[in-house]
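Worksheet for the structure shown next.
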Amino acid sequence: AALFGYLWLSLGNALLHRAYHHFDWLWRHVHQLHHAPQRIDVAGVMFQTPLEAAANAVLFMLVSVFLLGLSPLATMLLAYIGSFYGMFQHFNVRTPRLLGYLIQRPEAHCEHHRRGHHRYNYSDLPIWDWFAGSLRNPARFSGEVGFAAPLGEIIVPMLRGQSLPEAAVRGAAPARDDRLPLS
């Protein structure tokens, strides 16, 4: 049951993650803070607004318990797996490229956080990104991540949901072109 549940939860999470990037209000008020740090590391997995943490937890419980009907034990197991998996994606280590066709590797997650190009790798399971045409599984990652502006200068405006200047947020990328349509 937990494996079946994880498959469906990962699809729901991928769709939610795409929505965070696609809809301006969700990006500004919920998710942009997670993309701000200029380094990918384990601490970054928890670098999120209180609204994002609450939304993710509530949606996880609603889907796992009420929609999928998973037991409390299966739900707890999935929560532990998800927590570890989030840390794994933010490990600053190299992993075998072949692994990236089964799960999202740190290198692929760096591609998701690439400065100016937040358009790939929304899902924990690469199959959903493959179906959506947004899978990138680089052998290595050597680009920059995070926002160009120093975090100390932009954290308070981000927590207020302010629209930051594009140069601070996405480098040279246009305002909305870095987000894939949901279709």
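Observations, loosely collected:
- Ordering of 44-53, 26-35 by packing [mean C-beta count within 10 Å, highest first]: 26-35, 44-53
- Scalar couplings 3J(HN,Hα) for the stretch 131-136, obtained by applying the Karplus form with A = 6.51, B = -1.76, C = 1.60 to θ = phi - 60°, are 4, 7, x, 10, 7, 10 Hz; x denotes Gly and Pro.
- Point-to-point label distance, SER83-ARG140, nm (Cα→Cβ direction, 7 Å offset): 3.5 nm
- Averaged over residues, the count of other Cβ atoms within 10 Å places the peptides 4-10, 123-129 in the sequence 123-129, 4-10, highest first.
- Segment HIS22..LEU102, full-extension length gain: 26.3 nm, with 0.36 nm per residue of separation and the alpha-carbon distance subtracted.
- Taking label positions 7 Å along the Cα-Cβ direction at both PHE131 and ILE155, the computed distance is 3.8 nm, reported to one decimal.
- The LEU51 and MET76 beta-carbon pair, evaluated with R₀ = 30 Å, returns a calculated FRET efficiency of approximately 0.80.
- On full extension, the segment bounded by PHE4 and LEU59 gains 18.1 nm, given 0.36 nm per residue less the C-alpha separation.
- ³J(HN,Hα) computed for each position of the stretch 48-53 - Karplus, 6.51 cos²θ - 1.76 cosθ + 1.60, integer Hz, glycine/proline x: 8, 6, x, 5, 5, 4
- Alpha-carbon centroids, the stretch 46-79 and the stretch 1-37: separation in whole Å: 12 Å
- Computed helical MRE - 222 nm, the chain, DSSP H runs ≥ 4 contributing -39500 (n - 2.57), nearest 500: -13000 deg cm²/dmol
Quick note: the coordinates plus some simple rules give every number you see, no bench work behind them. Quick caveat, the model's predicted, so the values are computed rather than measured. Don't worry about glycine lacking a Cβ; one is built from the backbone with ideal geometry, like all the others, and counts go over all protein chains shown.
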